[in-house]
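Laboratory data are not the source of any read-out in this text; all were calculated from the coordinates shown. Quick caveat: nothing in here was measured; it's all calculated off a predicted structure. So basically every Cβ, Gly included, is an ideal-geometry build from the backbone, and we count neighbours across all protein chains shown.
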Amino acid sequence: MKPSIRQMAGVAALAVLLGACSATHEPATAPVAAVQPPSNQAMKALSAEVFTYAYPLVLMDVTRELMSLRTPPNTFSHKRTFPDASFTEVVTPNADTLYSSAWLDLSKEPVVLSVPDTRGRYYLMPLMDAWTNVFASPGKRTTGTQRGNFVITGPGWEGPLPKGMKQIKSPTAMVWLIGRTQANGKKDFPAVHRLQDQYRLTPLSAWQMGVRAAPEKPAPRSPTLDTQSPPVEQVAAMDAQAFFSRFASLLPANPPAAADAAMVEKMRRMGLEPGVPFKTTVLEPSTARAVQEGATAALQAISEMSRKGSADAGNGWVMHRDLGNYGVNYGRRAVTAMVGLGANLPEDAIYASTRTDAAGKALQGSTSYVLHFAKDQLPPARAFWSLSLYNQRQAFVENPIGRYAIGSRDHLRYNRDGSLDIYIQHERPERGRVANWLPAPPDALNMTLRAYWPEQALLDGTWMPPPVERAN
């Protein structure tokens, strides 16, 4: 039995590789490599670089396969409530929006996305291609809140469009639509549900025949499909042959971007062809080992980088302003896919997270904290902002008032000078502070500040969150 990528003997993590993959452009031709096979050391390096490049596409496909067992392609799946402390399917969930997601298959024909008039309510329908780049984001920020129909077309599609319909061109046949609609607490759910029920996806041929909804059949279930393990674990369990073969099978319908020409050449030098299974069994044993070792090293590097974190925004907060569209930054794209598949464009939402207080000490619920926003320093968001709290497992914390997030949608008590204090602690505060209380566990905690439709001050780094101060 071949060892899995994760099971291979330890190889030094290629942290440098992730940086090299992200910004270099090599010549698109390599005459010598075309004639002379690469050495084992060169093959190992090629394997590592191509793995890093391919990782998001393979992870997307495994995720799609699992989710399609419950919801057919081109069909919305709606979340009707906020997650609570019992929810563990996704790490770091939000209690701000209700999700309406769908996997689109554009390989046969375009799909029409229909949205109702939300009457000013904030919503967004980001469309993510198979490489995890957000290529369009219909919603209040970009298209307003009036009723609309958008026809989403796949690569190379040509044909007449219904009159008055806007075309959105997808670079890949696989698309993940991760819609979000603002919900202002549980009492607001019925209003959001009515909007969700009006979000529709219709194959273009059905639309042209006057049919406004054409349900798809659920995807056939493979008898070998693992329905229990998370997608990240399933990809890690693949050996190099399985990983690169799956990658090759996805390329014809989900072609590389023009900017990926240098990486496409590296794939060719490695012997990887679109639509053709990649077989390490036909290689020399030493070459096959080099391919496996390269893939192992790349996975280790992605994992290590995901644990380190980056993008320090100051005051103990970490913030990323470069997600959702990665260009040739393949390392950043792979790390983001591993820890947060489905990241938004910064123009739609920016998240800041912290695990430490103003003194750099780890946050603990046994200590009382206060997050103080000066009157003119509230989070600059055109839609709304929220602060969510999580335990060590990145899940919500059970608490007596069922509050998992607090922010601009809540009935907060502001100070006389217009400033705002958020109280973070395990024990219930005095009565006058309960309105601004974010309950914490008795032990370790961390927090995420979300700004939806952020203003320029957040996008350019002019504004940063204040430090979390100890109150006792």
Original post:
What aspartates and glutamates sit close enough to Lys186 to cross-link, taking a C-alpha to C-alpha distance under 14 Å and skipping anything fewer than 8 places away on the same chain?
Top reply: Asp84, Asp96, Asp410
Subject >> For Asp226, Asp260, Asp239, order by how many other beta-carbon atoms lie within 10 Å, fewest first >> reply: Asp226, Asp260, Asp239
Subject >> Size of electric dipole in the stretch 348-470: Cβ of Lys, Arg +1 and of Asp, Glu -1, about Cα centre, debye, nearest 20 >> reply: 240 debye
Original post:
To the nearest 20 debye, what charge dipole does the chain have about its Cα centre, counting +1 at the Cβ of each Lys and Arg and -1 at the Cβ of each Asp and Glu?
Top reply: 1060 debye
**OP:** State whether the stretch 84-181 is rounded, prolate or oblate according to the following rule on the C-alpha gyration tensor (a ≥ b ≥ c being the square roots of its eigenvalues): a/c under 1.5 gives rounded; otherwise a/b larger than b/c gives prolate, and the remaining case gives oblate.
**Re:** oblate
Original post:
Hey, fewest Cβ within 10 Å first, where do Phe82, Phe76, Phe247 land in order?
Top reply: Phe76, Phe82, Phe247
**OP:** Scan around Asp239 for amide H atoms under 5 Å from its own, H built in the peptide plane at 1.01 Å from N, and keep only partners 5 or more places away or cross-chain.
**Re:** Ile5
Original post:
To the nearest 0.05, how large is the calculated FRET efficiency for Arg194 and Glu89 if R₀ is 22 Å and r is the Cβ-Cβ distance?
Top reply: 0.30
**OP:** Work out the length of the dipole vector of the stretch 77-208 about its Cα centre, built from +1 on the beta-carbon of each Lys and Arg and -1 on the beta-carbon of each Asp and Glu, and round it to the nearest 20 debye.
**Re:** 520 debye
Subject >> Residue order, fewest to most beta carbons within 10 Å, for Ser107, Ser245, Ser47, Ser222 >> reply: Ser222, Ser107, Ser245, Ser47
**OP:** Quantify how much of the Cα-Cα distance distribution of the chain extends past 28 Å, in percent.
**Re:** 56 percent
**OP:** Kindly flag which residue pairs out of Lys140/Lys163; Lys140/Lys169; Lys169/Lys279; Lys187/Lys375; Lys79/Lys187; Lys140/Lys187 have an alpha-carbon separation exceeding 25 Å in this structure.
**Re:** Lys169/Lys279; Lys187/Lys375
Subject >> Note, ³J(HN,Hα) from phi for the stretch 258-267, Karplus 6.51, -1.76, 1.60, rounded to Hz, x at Gly and Pro >> reply: 4, 5, 8, 4, 5, 6, 4, 5, 5, 4
Original post:
Based on DSSP H runs of at least 4 residues, each adding -39500 (n - 2.57), what is the mean residue ellipticity at 222 nm of the chain after dividing by all its residues, to the nearest 500 deg cm²/dmol?
Top reply: -8000 deg cm²/dmol
